[in-house]
Structures are given as structure tokens and as C-alpha cells.
Amino acid sequence: MAPDPLMDQVTSASASSSACVGILAGGGPLPAQVARSVVAAGGSVFIIGFEGFADPDVIAPWPHRFIRLAAAGEILSTLRLHGCRELVLIGPVRRPSFATLRPDAVGARILARIGRALFSGDDGLLGAIVRVLGEEGFVIRGAHEYLHASIGRRGAMGMVRPDHVAMSDIGRGRRVVQAMGALDIGQGCVVQDGLVLAVEAIEGTDEMLERVGRYHQDGRPGGVLIKMVKPGQERRADLPTIGPETVRRAAGAGLRGIAFEAGATLLTDPLECVTRADAAGLFLVGITAEGTMESVL
């Protein structure tokens, strides 16, 4: 297997896990997985669950508090109260409209510091948030530093392999996602026999897959979902993520496989993803940003 550039950071994260790690939690199962990893390494956690996004059942086993997204003063004071110097931002949070944010006083000052990034793409905004949190004295860690077993590896992960038509679609999808990513638009697209059926924007992967089925081309091989990081992306937030639900939706949309950027994609449940992909006859394959896939076939 090719060296994983993200794995170099795991040792430093594990070595510092004796301190309390603050987890800023959106939706999905990954906040709990980060918490388990930190505690297993001998550290402790305190979780800020964003109201309306974090799942109460997911974060319930650990010390936590639910706070609304724009209450930055309350968030920062709570993290400091619990001795959190390192932070992990993990789990999807749908961007609210500016009119509904209702920031507190500290939140208003932070929004002013974020500035025009508020109106840029997700990576521009998340990069600005990471920068401001660093200026507030916190060390920002990527979730991948704790979830190294969940980082997708290079090559086919299950029993199904992409054929040459699928490999061609993967190559086209890679170029499409990189072009989109350079404009900070999205991390994924679906390609079928060279035709781009859908690109991911603010709606996210699940909703993109919901509409793909309407454009599926009969009489052609099924399409491929491609997910990759954006060029120059801030990797401490919003890495591409694939879960069992992604596999289910891909199968439901008539796709024949999923390709993701190896070493830079989180699988929320790798074993279940592979099990579902094999059962549905889908391939699940890790590729490189440069498009080298010689070990896949």
C-alpha cells in the first residue's frame, strides 16, 4: 500500500491525548468515533453538540453540552471551562442563512473576523473558522488524526472490481471534481459512460444521489460516484465521508461503484460499507489525486 500522508499526524495526536479534547459535533456517527478513540488512548473529551445537528443519542455517553451554532461566546467559554486546548470539528452541519444565525456578542466579533469567507464556499468558510479558533488559542486537529482505521485505503476494498469502462468514468470524474473543487463548490460527482449526470454542491452527497436516478441512461453501464478532497482544502475539517447509507443510495440510483480519494476519505463504518457494496454488486475503490490506479484492476 502507498504511504498515507495523513497517518504521519496520528502519533502526535495520540501523544497529546492525555489533555481534554474538545469535539465540535455536527451530525452522524463520527463524533462518537473520535470520542472513543481519544478515550481509548487515555485522554478525555468534552463534546459541544450543535443544536439541530448533533444526534443526542450519539454523544450521550460522554460529557457534553448542546449549544446553538452562533453562540460562540458560550462555546468558547465552555471549552475553556473544561480545559480543552485541542479541538476537532467533525460531523455535517448544513450552513444556515446569515439572517437566521443570531450570533451572541462574541459570535458577532468572530463573524467580523471571518469576513468575506462567510460568503465563500464551504472550504473557504471552514478554513477561516479554523484560523480564528487558532487565534483564540486552540490547537485544531483533524478527525483523521484519531480515526486512522477509518481512512479509506488505495485499491478495491471488496470483492467487486471496476472494469475499463468504469475506470474511464473514474478518470473523468476525478477531473470534474478537481475542477469543481478549485472553485470551492463540492467534493463529488456522478459519471456514467463519460456523461456527467450530477455534481455535488450545497445539497451534499445524499441528495445528489437521490436525483441521479432520474438521469440514469438506460442501455449503458451504470454510473460511478467519485468523491475527492478539493485542491488545497483545509484537511482539518470536512474531509469527504462515505458511510453505509452512501452505499445504499448509490445502489438505489443504479450506480455500479464508488471511487474515493485514498488516504483522504473517512469511511464511517468500513466493514459495513464493504459488506453492503459486495451485497449490491458495487465496487468500492480508493484512487489517488493524480489518477494513478494501476493497482485497482
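The values are calculated or read from the model by the stated rules, or taken from the named source; none is laboratory data. Predicted model, so just to flag it, every value in this text is computed and none were measured. For neighbour counting, all protein chains shown are included, and Cβ atoms are generated from backbone atoms with ideal geometry for every residue, glycine included. These area figures cover heavy atoms from the full protein model, side chains too; ligands, DNA and RNA do not enter into them. Shrake-Rupley method; radii C 1.70, N 1.55, O 1.52, S 1.80 Å.
Any idea which residue in region 24-47 is surrounded by the most Cβ atoms within 10 Å (Cβ to Cβ), counting only those that are part of a strand (DSSP E or B) and at pLDDT 95 or above?
Kept after step one, since they are part of a strand (DSSP E or B), are these residues of region 24-47: 24-25, 44-47.
After this cut, where a residue has to be at pLDDT 95 or above as well, the list is 44-47.
Working: Ser44: 17, Val45: 24, Phe46: 19, Ile47: 27.
Out of the qualifying residues, it is Ile47.
Looking at region 274-294, can you tell me whether even one residue there is aliphatic (A, V, I, L, M) and free of Cβ contacts under 8 Å to residues at least 40 places away in the same chain?
Yes, region 274-294 contains at least one residue that is aliphatic (A, V, I, L, M) and free of Cβ contacts under 8 Å to residues at least 40 places away in the same chain.
Of Ala259, Ala251, Ala289, Ala237, which residue is closer than 19 Å to Ile170 by Cα and assigned to a loop (DSSP other than H, G, I, E, B)?
Details: Ala259 fails: assigned to a loop (DSSP other than H, G, I, E, B); Ala251 fails: assigned to a loop (DSSP other than H, G, I, E, B); Ala237 fails: closer than 19 Å to Ile170 by Cα.
Being closer than 19 Å to Ile170 by Cα and assigned to a loop (DSSP other than H, G, I, E, B) holds for just one of Ala259, Ala251, Ala289, Ala237, which is Ala289.
Would you check which residues across region 62-95 are surrounded by 14 or more Cβ atoms within 10 Å (Cβ to Cβ) and part of a loop (DSSP other than H, G, I, E, B) and list them?
Within region 62-95, Trp62, Arg68, Leu69, Ala70, Ala71, His82, Gly91, Pro92, Val93 meet the criteria.
Answer with yes or no whether Leu197 is within 23 Å of the chain's Cα centre (by Cα) and either surrounded by 18 or more Cβ atoms within 10 Å (Cβ to Cβ) or of a type in the set (Asp, Glu) (or both).
When the stated conditions are applied, Leu197 passes them.
Can you find a residue that is open to solvent by 30 Å² or more (accessible area, probe 1.4 Å) and not aromatic (Phe, Trp, Tyr) anywhere in region 257-267?
no
Any residue at all in region 279-295 that's open to solvent by less than 50 Å² (accessible area, probe 1.4 Å) and under 24 Å from Gly26 (Cα atoms)?
Checking region 279-295: not a single residue is open to solvent by less than 50 Å² (accessible area, probe 1.4 Å) and under 24 Å from Gly26 (Cα atoms).
Here's a check for you: in region 51-61, which residue that is under 21 Å from the mean Cα position of the chain (by Cα) and surrounded by fewer than 22 Cβ atoms within 10 Å (Cβ to Cβ) is nearest to His148 (Cα to Cα)?
The initial filter retains those residues of region 51-61 that are under 21 Å from the mean Cα position of the chain (by Cα), namely 51-59.
Subset that is surrounded by fewer than 22 Cβ atoms within 10 Å (Cβ to Cβ): 51-53, 55-58.
Numbers: Glu51: 28, Gly52: 28, Phe53: 24, Asp55: 23, Pro56: 25, Asp57: 24, Val58: 20 Å.
Checking each candidate, the answer is Val58.
Output yes when any residue across region 105-116 is open to solvent by less than 60 Å² (accessible area, probe 1.4 Å) and either modelled with pLDDT of 95 or more or in a loop (DSSP other than H, G, I, E, B) (or both), and no when none is.
no
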